[in-house]
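Data first, discussion second: the structure below is written as structure tokens.
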Amino acid sequence: MGIILRISGLIAIGLYILAGLGLEHLAAAGGRHDPSALEFLLAALSFACASAGAALLLCGPKLLERQPVSFRWRRNQ
């Protein structure tokens, strides 16, 4: 399971690079202009892929582990 999550992180980072290159191409091709919806979409996609890819690559299976809740915040005890 751990290797699958880390490979997924690498794939997400690859998508981040592709989205960034596409965004750079769109921004350089038009000169000075107002940003289009596609440019906003590529920027959001690159941010999401970079964030998720870094988390999956660095944390791996520990990202999905259950974390203990402090006694102060438990409701049933």
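Just so it is clear, none of the values below were taken in a lab; they were calculated from the coordinates. This structure is a prediction, so every number in the text was calculated from the model and none was measured. Quick reminder, even Gly has a Cβ in these numbers, built from the backbone with ideal geometry, and neighbours come from all protein chains shown.
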Report task. Identify, from the list A29, A19, the residue that is aliphatic (A, V, I, L, M), surrounded by 11 or more Cβ atoms within 10 Å (Cβ to Cβ) and either within 11 Å of the chain's Cα centre (by Cα) or assigned to a helix (DSSP H, G or I) (or both). Result -> A19
Query raised in the report: Can we say I13 is surrounded by fewer than 11 Cβ atoms within 10 Å (Cβ to Cβ) and either touching a residue at least 40 places away in the same chain (Cβ under 8 Å) or in a helix (DSSP H, G or I) (or both)?
Result: no
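In segment 33-43, which residues are part of a helix (DSSP H, G or I) and over 10 Å from L23 (Cβ atoms)? Quick ask: steps written out before the conclusion?
Step one: list which residues in segment 33-43 are part of a helix (DSSP H, G or I), which gives 37-43.
Residue satisfying the conditions is A37 alone.
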**Report entry** Lone qualifier among S46, S51, S70, S36 - being of a type in the set (S, T, Y) and loosely packed, with under 10 Cβ neighbours inside 10 Å
**Finding:** S70
Query raised in the report: Between residues in segment 46-63 that are farther than 14 Å from G2 by Cβ and residues that are in a helix (DSSP H, G or I) and among the hydrophobic types (A, V, I, L, M, F, W, C), which pairs lie under 6 Å by C-beta distance while being six or more apart or on different chains?
Result: S46/A19; C49/A12; C49/L15; A52/A12; G53/A12; G53/I13
Report task. From the list A43, A29, A12, A19, pick out the single residue that is aliphatic (A, V, I, L, M) and within 26 Å of E65 (Cα to Cα). Result -> A12
